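Down below is the structure, laid out as structure tokens.
The values are calculated or read from the model by the stated rules, or taken from the named source; none is laboratory data. Note that the structure is predicted; figures quoted are calculated from it, not measured. FYI the Cβ positions are ideal-geometry reconstructions off the backbone, even for glycines, and counts take in every protein chain you see. Just so you know, the surface numbers come from the protein's heavy atoms only, side chains and all, with ligands and any DNA or RNA stripped out. Shrake-Rupley method; radii C 1.70, N 1.55, O 1.52, S 1.80 Å.
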Amino acid sequence: METSDDPQIKVLLQPWASVCFSESTRLMAKAWFCDSSYILLLSDLNNMWYESANTEVIQQRSKELNKRLTAPAASILNCLHNLLSPLLEGKENSSVSFSCQLSSSTLILHVKSELLGLPFYWDFHCGAAPQEMISRHLLRPLMTMSVALHGQVQELASLLLQKDAEIEDYRESGATLSLERLKTEPFKEESFLRTFETETLPQACCLGDGRMFTSNLKSLYLAVTQQQARAACKRHRAESEDSGSLNHAASQDPTEEPVDLPEAEEQIETQLSSAQHVEEAVVQKAQVPVVKTKKKKVKGLFV
């Protein structure tokens with residue numbers, strides 16, 4: 001469980017997970033916990049619900065639901081974190097059960113488990129998320145991911161065409177394959193895209209199987225939101241320098257709180273070290289000219 005005082009960035013950087021609360025209820029979820037509060041987001045791709053609860057709310061709700069149990073808010077938060085984490089990681093936990101009641105405006109997630117050897121009950125009371133939150137956590141990242149993946153496909157297509165030109169140059173020089181099974185047909189982009197639209201795309205559109213976010217897509221989502229968080233830190237710093245204050249406009253996302261911008265930006269810079277170069281490479285369409293390779297002594301697969 002994290003102890004950061006920057007929930008705005010922390011919850012944004014959590015990847016979505018596809019979770020099943022019952023046979024008929026499968027939702028996308030993300031959550032963030034610290035020692036004094038939590039934020040939970042849930043979506044069925046038609047609606048999004050969220051709850052942000054502080055220490056006071058947590059203690060009051062615990063008293064109402066668990067008459068025999070007295071525990072500090074930090075212990076309750078740690079318990080909730082331990083109960084939800086396996087679910088978000090796709091693991092099963094037979095010691096806890098979940099059920100939910102939902103409508104377009106509200107969602108109540110019921111949790112039954114144990115804490116300190118006593119029965120433990122919890123209800124997450126989620127309300128409808130505002131449009132800004134939906135855009136920040138779903139719309140903008142998914143649009144950016146689409147652009148990035150399209151750029152990646154274009155770059156790979158250019159590399160394949162360049163490889164085909166290199167192989168053809170070797171063949172014209174008299175080189176032959178040592179293993180016939182390694183022979184490939186020249187890459188044809190139009191044929192590839194046609195196959196993708198008729199075979200691959202229909203399978204990807206079947207979201208009901210629970211694979212809305214594969215591990216690779218989770219990594220890409222995280223890389224995109226890291227970029228967005230870093231940009232937000234820089235934008236907030238520029239605004240604070242102009243105004244001489246860290247106070248933002250009143251129309252902020254309900255999960256936003258004042259943050260230490262230099263510290264937050266330093267955290268984002270650290271997290272970007274492994275993902276930044278990937279995003280910079282794929283967001284631009286590659287323009288690699290096909291160049292005839294210089295004839296030289298044949299090595300590798302050709303003899």
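Quick notes
- Test result for Ser36, out of contact with any Cys (no Cβ under 7 Å at 6 or more places or on another chain) and free of Cβ contacts under 8 Å to residues at least 12 places away in the same chain: no
- Against the test of being out of contact with any Lys or Arg (no Cβ under 8 Å at 6 or more places or on another chain) and either in a loop (DSSP other than H, G, I, E, B) or more than 30 Å from Tyr50 (Cβ to Cβ) (or both), the options Leu161, Leu149 yield a single qualifying residue, Leu161.
- Within segment 180-195, the set of residues being under 14 Å from Ala157 (Cα atoms) and aliphatic (A, V, I, L, M) comprises just one member, Leu193.
- Test: residue in segment 59-73 that is in the same structural domain as Ser24 (by the TED database) and touching a Cys at 6+ places or on another chain (Cβ under 9 Å): yes
- Candidate set from segment 20-58 (those that are within 18 Å of His137 (Cα to Cα) and polar (S, T, N, Q)); member that is modelled with the lowest pLDDT: Asn46
- Test: residue in segment 126-145 that is open to solvent by 70 Å² or more (accessible area, probe 1.4 Å), within 23 Å of Val19 (Cα to Cα) and assigned to a strand (DSSP E or B): no
- Candidates Glu197, Glu155, filtered to the one that is at pLDDT below 90, within 29 Å of the chain's Cα centre (by Cα) and either in a loop (DSSP other than H, G, I, E, B) or not assigned by the TED database to the domain that holds Pro15 (or both): Glu197
- Put simply, of Pro119, Pro86 the only residue that is in the same structural domain as Ala17 (by the TED database) and more than 30 Å from Cys205 (Cα to Cα) is Pro119.
- Some residue of segment 147-165 being open to solvent by less than 50 Å² (accessible area, probe 1.4 Å), more than 30 Å from Lys30 (Cβ to Cβ) and charged (D, E, K, R): yes
- Residue list for segment 172-191, restricted to those being in a helix (DSSP H, G or I) and in contact with a Leu (Cβ under 9 Å, 6 or more places away or on another chain): Leu182, Glu189
- Here Gln101 fulfils each of the conditions (1) surrounded by 16 or more Cβ atoms within 10 Å (Cβ to Cβ); (2) under 16 Å from Tyr121 (Cα atoms); (3) not β-branched (Val, Ile, Thr) apart from (1).
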